[in-house]
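Trainee: Here you go, one structure.
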Amino acid sequence: MADESPLRVDSQWGFLGWLRDCGFAVNEHAARCTSAAEVHAFCEKALAMREELDYDIDGVVVKVDSFAQQDALGFTARAPRWAIAFKFPPEEKRTVLREIRIQVGRTGVLTPVAEFDPVNVAGSTIARATLHNIDEIRRKDVRVGDTIVVHKAGDVIPEVVGPVTDGEEGQAHDRRAQWEMPELCPSCGSPVVREEGEVAYRCISIDCRAQAVERLIHWGSRNAMDIDGLGEEIVRRMVDQGVLRDVADFYDRLTMEQLAAVSTGRQNKAGEDIVVGKVVAKKIMKQVEESRDRGLGRVLFGIGIRHVGANVGQVLAQHFGSLEKLSLASEEDIAAVEGIGPKIATSVHEFFDTPQNVAVLERLRATGVRLTEEQAVAADAPQPLVGLTFVLTGSLERFTRKAAGDALKALGAKVTGSVSKRTSYVVAGAAAGSKLTKAEQLGVPVLDEDALGKILETGELPA
């Protein structure tokens with residue numbers, strides 16, 4: 001018969017010992033320290049032995065040992081007060097910068113990307129990293145041909161730290177010319193401009209192929225129109241073959257036969273191009289058809305308006321209700337919407353003031369793409385949160401942020417992306433950042449995920 005007596009341990013160290021006695025694998029390097037000096041010494045030792053371990057680590061977790069003291073210290077909205085992580089500095093490697101290439105995004109921004117000899121960093125091989133903009137290149141003073149130091153920011157994102165400036169490498173660096181932004185777009189050859197007050201250089205041509213490809217890929221992405229199976233390579237080849245030019249072509253021009261004949265960029269053993277084929281084409285076309293009813297919020301995000309993300313698109317769609325009302329709104333009317341600032345308002349107004357953009361939207365309307373935003377709840381459904389504004393930040397365990405936001409809206413609340421004095425509550429999950437900090441500065445009440453769950457279950461606010 002199983003032993004159902006309570007587990008009588010009162011500390012983290014005691015619990016680890018009990019697990020070990022039961023046959024569980026417990027890290028052999030775990031230690032119990034009795035002073036701050038011992039904790040520092042253990043962290044330094046762990047950093048020194050990092051390369052010798054059979055597994056990757058990025059730091060050490062330091063915990064208060066006593067369970068009673070843990071209970072007394074409690075939790076903040078996003079972390080326990082009785083534990084803290086000592087993060088190791090990112091692993092750094094040296095390599096050679098071979099080239100700086102330009103990547104043209106869907107809004108025409110030219111982004112310099114460093115390409116260097118492949119090097120293994122933090123468990124994976126990297127060979128390229130964004131350099132963001134010319135100001136960042138000047139700040140780091142990296143030049144083609146340099147021996148550079150690279151790491152992964154947060155052990156995830158490849159990043160160029162800077163050039164090696166000592167010894168022979170440093171002398172060679174000083175002899176190399178600084179890299180300059182191109183005057184013409186590498187994709188279409190059109191002039192490149194830099195607006196006053198902005199750090200970004202942009203291609204101003206509406207016929208730029210690179211922008212078209214990125215816009216079409218973005219349109220089919222998960223948070224936009226969610227056209228599953230529409231990969232980057234397929235889109236690029238449809239643009240190359242003249243099948244697609246803008247997002248409206250998905251609905252009034254693309255046929256299943258055209259899509260089935262598109263090359264995937266791969267070849268079979270006989271050296272013949274592998275095409276998309278009828279089976280996959282049929283599935284993608286079904287997704288295209290279903291995407292007609294995603295709603296105005298998804299369209300506003302997918303169409304590629306500067307500064308309009310998925311959340312802003314939903315806020316605008318919920319407020320105005322239809323594309324027609326939004327397109328007729330003044331810049332001041334748009335800026336007055338909760339969660340919308342002057343920069344976003346200017347960008348949206350300028351977008352609707354451009355005839356080419358309006359023409360694409362009218363083609364979408366003509367093909368049956370829904371350009372309205374319907375309420376997700378019945379008219380007689382109870383809405384106890386009317387008049388309240390919520391902001392969601394950090395990672396939630398029981399909900400996605402979108403699902404939580406939709407559930408709050410169904411109860412009548414507004415959900416915005418920025419914290420202000422008018423915000424009623426901030427819901428903070430794990431790794432919440434600047435929004436949580438601003439809420440604390442403004443005195444906005446902060447809720448954890450358990451409190452959010454109770455609100456959604458009962459419709460009642462915490463005391």
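The values are calculated or read from the model by the stated rules, or taken from the named source; none is laboratory data. Because the structure is predicted, anything quoted here is derived from the model rather than measured. Every residue, glycine as well, gets a Cβ built from its backbone with ideal geometry; the counts of neighbours run over all protein chains shown.
Trainee: Which numbered condition trips up E232, out of (1) exposed (fewer than 14 other Cβ atoms within 10 Å of the Cβ); (2) closer than 20 Å to T354 by Cα?
Mentor: Going through (1) exposed (fewer than 14 other Cβ atoms within 10 Å of the Cβ); (2) closer than 20 Å to T354 by Cα one by one, E232 breaks only (2).
Trainee: Determine the pairs where a residue that is touching a residue at least 40 places away in the same chain (Cβ under 8 Å), located within the stretch 78-90, has a partner that is loosely packed, with under 14 Cβ neighbours inside 10 Å with Cβ atoms under 6 Å apart, the partner being 6 or more residues away or on another chain.
Mentor: Matching pairs, first to second residue: R78/A430.
Trainee: Based on what the data block shows, is P445 touching a helix residue (DSSP H, G or I) at 6+ places or on another chain (Cβ under 6 Å) and without any contact (Cβ under 8 Å) to a residue 24 or more places away in the chain?
Mentor: No: the conditions fail for P445.
Trainee: In the stretch 281-300, what count of residues is obtained for those that are in contact with a Ser or Thr (Cβ under 9 Å, 6 or more places away or on another chain), part of a helix (DSSP H, G or I) and touching a residue at least 40 places away in the same chain (Cβ under 8 Å)?
Mentor: Summing the residues that are in contact with a Ser or Thr (Cβ under 9 Å, 6 or more places away or on another chain), part of a helix (DSSP H, G or I) and touching a residue at least 40 places away in the same chain (Cβ under 8 Å) in the stretch 281-300 gives 2.
Trainee: Somewhere in the stretch 64-84, is a residue of a type outside the set (K, R), within 30 Å of A127 (Cα to Cα) and within 32 Å of the chain's Cα centre (by Cα)?
Mentor: Taking every residue of the stretch 64-84 in turn, none turns out to be of a type outside the set (K, R), within 30 Å of A127 (Cα to Cα) and within 32 Å of the chain's Cα centre (by Cα).
Trainee: Among the residues in the stretch 134-145, are any assigned to a strand (DSSP E or B), touching a strand residue (DSSP E or B) at 6+ places or on another chain (Cβ under 8 Å), in contact (Cβ under 8 Å) with a residue 12 or more places away in the chain and surrounded by 14 or more Cβ atoms within 10 Å (Cβ to Cβ)?
Mentor: No, the stretch 134-145 has no match at all.
Trainee: Name every residue in the stretch 448-463 that is without any contact (Cβ under 8 Å) to a residue 24 or more places away in the chain, in a helix (DSSP H, G or I) and not β-branched (V, I, T), in order of residue number.
Mentor: D450, K454, E457
Trainee: What number goes with the only condition from (1) in contact with an Asp or Glu (Cβ under 9 Å, 6 or more places away or on another chain); (2) within 29 Å of W219 (Cα to Cα); (3) in a helix (DSSP H, G or I) that K402 does not pass?
Mentor: (1)
Trainee: Can you confirm whether L436 is in contact with a helix residue (DSSP H, G or I) (Cβ under 7 Å, 6 or more places away or on another chain) and either buried (at least 19 other Cβ atoms within 10 Å of the Cβ) or not in a helix (DSSP H, G or I) (or both)?
Mentor: For L436, the condition - in contact with a helix residue (DSSP H, G or I) (Cβ under 7 Å, 6 or more places away or on another chain) and either buried (at least 19 other Cβ atoms within 10 Å of the Cβ) or not in a helix (DSSP H, G or I) (or both) - is not met.
Trainee: Next question, about the same structure. Are any of the residues in the stretch 262-273 loosely packed, with under 13 Cβ neighbours inside 10 Å and among the basic types (K, R)?
Mentor: yes
Trainee: So which of V199, V164, V193 is farther than 23 Å from K93 by Cα, outside the structural domain of R50 (by TED's automatic domain parsing), in contact with a His (Cβ under 9 Å, 6 or more places away or on another chain) and not basic (K, R)?
Mentor: So the residue among V199, V164, V193 that is farther than 23 Å from K93 by Cα, outside the structural domain of R50 (by TED's automatic domain parsing), in contact with a His (Cβ under 9 Å, 6 or more places away or on another chain) and not basic (K, R) is V199.
Trainee: How many residues are exposed (fewer than 15 other Cβ atoms within 10 Å of the Cβ) and either modelled with pLDDT under 90 or outside the structural domain of F351 (by TED's automatic domain parsing) (or both) when one looks only at the stretch 311-323?
Mentor: Qualifying residue count for the region: 0.
Trainee: Scan V315, V337, V348, V358 and give me the residue that is out of contact with any Asp or Glu (no Cβ under 7 Å at 6 or more places or on another chain) and assigned to a loop (DSSP other than H, G, I, E, B).
Mentor: V337
Residue-wise test of (1) in a loop (DSSP other than H, G, I, E, B); (2) modelled with pLDDT under 85; (3) more than 20 Å from N357 (Cβ to Cβ).
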residue: G162; (1), (2), (3): no, no, yes
residue: T165; (1), (2), (3): yes, no, yes
residue: E169; (1), (2), (3): no, yes, yes
residue: Q178; (1), (2), (3): yes, no, yes
residue: V199; (1), (2), (3): yes, no, yes
residue: D207; (1), (2), (3): yes, yes, no
residue: I217; (1), (2), (3): no, no, no
residue: R237; (1), (2), (3): no, no, yes
residue: L244; (1), (2), (3): yes, no, no
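Trainee: Within the stretch 71-127, how many residues turn out to be at positive phi and touching a Pro at 6+ places or on another chain (Cβ under 8 Å)? If you could, list the steps in order and put the result at the bottom.
Mentor: The initial filter retains those residues of the stretch 71-127 that are at positive phi, namely 74, 108, 122-123.
From what is left, the residues that are touching a Pro at 6+ places or on another chain (Cβ under 8 Å) are 74, 122.
Residues that pass the stated criteria total 2.
Trainee: While we're on this one: I'm trying to understand the selection: among the residues of the stretch 353-407, which are among the polar types (S, T, N, Q), at pLDDT 80 or above and farther than 22 Å from T423 by Cβ?
Mentor: T354, Q356, N357, T367, T372
Trainee: Looking only at residues that are in a strand (DSSP E or B) and in contact (Cβ under 8 Å) with a residue 60 or more places away in the chain in the stretch 91-100, which one is surrounded by the most Cβ atoms within 10 Å (Cβ to Cβ)?
Mentor: Quick first cut of the stretch 91-100, residues in a strand (DSSP E or B) only: 93-100.
Right, trim to in contact (Cβ under 8 Å) with a residue 60 or more places away in the chain and you get 94, 97, 100.
On the way: R94: 14, L97: 23, I100: 18.
Here the residue is L97.
Trainee: Please go through the stretch 173-211 and give me each residue that is among the hydrophobic types (A, V, I, L, M, F, W, C), under 21 Å from L131 (Cα atoms) and surrounded by 13 or more Cβ atoms within 10 Å (Cβ to Cβ), ordered by number.
Mentor: W179, M181, C185, V192, V193, A200, C203, A210
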